[in-house]
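The structure under discussion appears below in the form of structure tokens.
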Amino acid sequence: MLFDDMRHGAAATCPPTVPTAAPARGRGGAALRALLATLALLAAAAADAGSAAILVYHRFGEVVADSMTTRTATFAAQLVRLRAEGYAIVPLATVVDGLAGRAPLPEKAVAITVDDGHRTVYTELLPIIRRERLPVTLFIYPSAIANAAYALTWEQLAEIVVSGLVDVQSHTWWHPDFRVERRRLAPDAYRQFVREQLEKPRRTLRSRLGTEAAMLAWPFGIHDAELETAAAEAGYRAAFALGERHASDRDPPLALPRYLIVDGLGVAGLLRLLRDGARRAPEAPR
Ligand SMILES: [Zn+2]
């Protein structure tokens with residue numbers, strides 16, 4: 001039901017059609033042309049408001065310890081430059097509501113997400129979040145929390161949530177590769193496995209942090225129509241994959257693309273990625 005509501009909402013935000021100009025002459029014609037030019041500008045603005053950039057980071061640190069680490073200094077420099085270039089860094093929920101037509105979406109909206117619940121979210125990122133009043137969404141898989149050496153603890157997560165700037169969402173229960181599990185399991189067992197991977201994090205986040213996780217990041221970006229249906233049934237209203245382009249109001253809400261950010265992009269590379277990706281957002285209804 002939620003899924004249908006969101007699709008309906010997205011369709012309602014399609015930019016208006018600009019009337020084609022009929023041949024016009026004289027002063028009246030000039031006024032008409034000016035009016036049509038204004039309408040075209042308004043339509044272009046509406047089209048811009050229908051997309052946003054969603055970034056996904058993983059780990060932070062002083063040095064690039066692995067391919068998923070972004071140097072904290074690189075991240076800080078990217079923030080400064082994004083803001084200087086007129087990007088509006090907004091909560092992910094604002095992007096989701098904006099794409100669904102439930103709320104206004106600022107122009108050049110950017111949402112920052114961080115996957116996997118690495119402890120450097122606490123040691124490196126949280127000070128920046130507080131200093132910059134930065135809205136961030138974390139996607140965690142709760143089986144790792146307080147268990148894996150690299151992962152955050154529940155106490156750290158609770159402290160992060162108290163900042164009021166961070167929401168914690170689901171990255172499934174243990175970050176499976178759904179393609180592998182589909183091959184490994186019988187159809188019924190696979191469906192049960194998917195259901196548990198999607199439902200258990202919501203229950204755990206509710207009991208551990210008192211939060212309602214309505215958003216999901218697909219592990220490895222892997223998803224298909226069956227998984228999207230299962231996510232809607234489990235209560236998710238938005239889900240995120242990977243893709244080098246903006247998310248658009250024409251994208252299915254349970255398969256919104258995010259830009260994978262790695263340290264090598266630096267500042268200039270990130271800006272280039274966003275400029276190119278804005279042009280790749282789908283323009284025709286799907
Ligand atoms: Zn992940």
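What follows is calculated from the coordinates using simple rules that are stated; it is not laboratory data. It should be emphasised that the depicted structure is a prediction, and the values quoted were computed from it without experimental measurement. With ideal geometry, Cβ positions are generated from the backbone for all residues, glycine too; neighbour counts draw on all protein chains shown.
Using the Kirkwood radius built from alpha carbon pairs, what does the Stokes-Einstein equation give as D for the stretch 141-258 at 37 °C and 0.692 mPa s, in µm² per second?
Details: Rh = 15.0 Å.
D, rounded to a whole number, is 219 µm²/s.
Could you tell me what percent of the DSSP beta bridges with both partners in the stretch 54-176 are antiparallel, to the nearest 5?
Numbers: 1 of 19 bridges.
Roughly 5 percent of the DSSP beta bridges within the stretch 54-176 come out antiparallel.
Kindly rank 239-247, 176-184 from highest to lowest mean number of other beta carbons found within 10 Å of each residue.
On the way: 239-247: 22.3, 176-184: 14.0.
Ranking, from highest mean packing down: 239-247, 176-184.
Ranked from highest to lowest mean number of other Cβ atoms within 10 Å per residue, what is the order of the peptides 195-204, 92-101? Each step should come with its number before you reach the end.
Details: 195-204: 18.7, 92-101: 22.4.
My ranking of the peptides, most packed first, is 92-101, 195-204.
Would you compute, for the Cα atoms of the stretch 223-271, the largest minus smallest coordinate along each principal axis and list the three values in descending order, in whole Å?
40, 20, 16
Could you work out the relative contact order of the stretch 155-230, using alpha carbon pairs under 8 angstrom and six or more residues apart, expressed as a whole percent? Walk me through the numbers on the way to the answer.
Numbers: 63 pairs, mean separation 32.1, N = 76.
RCO, the stretch 155-230: 42 percent.
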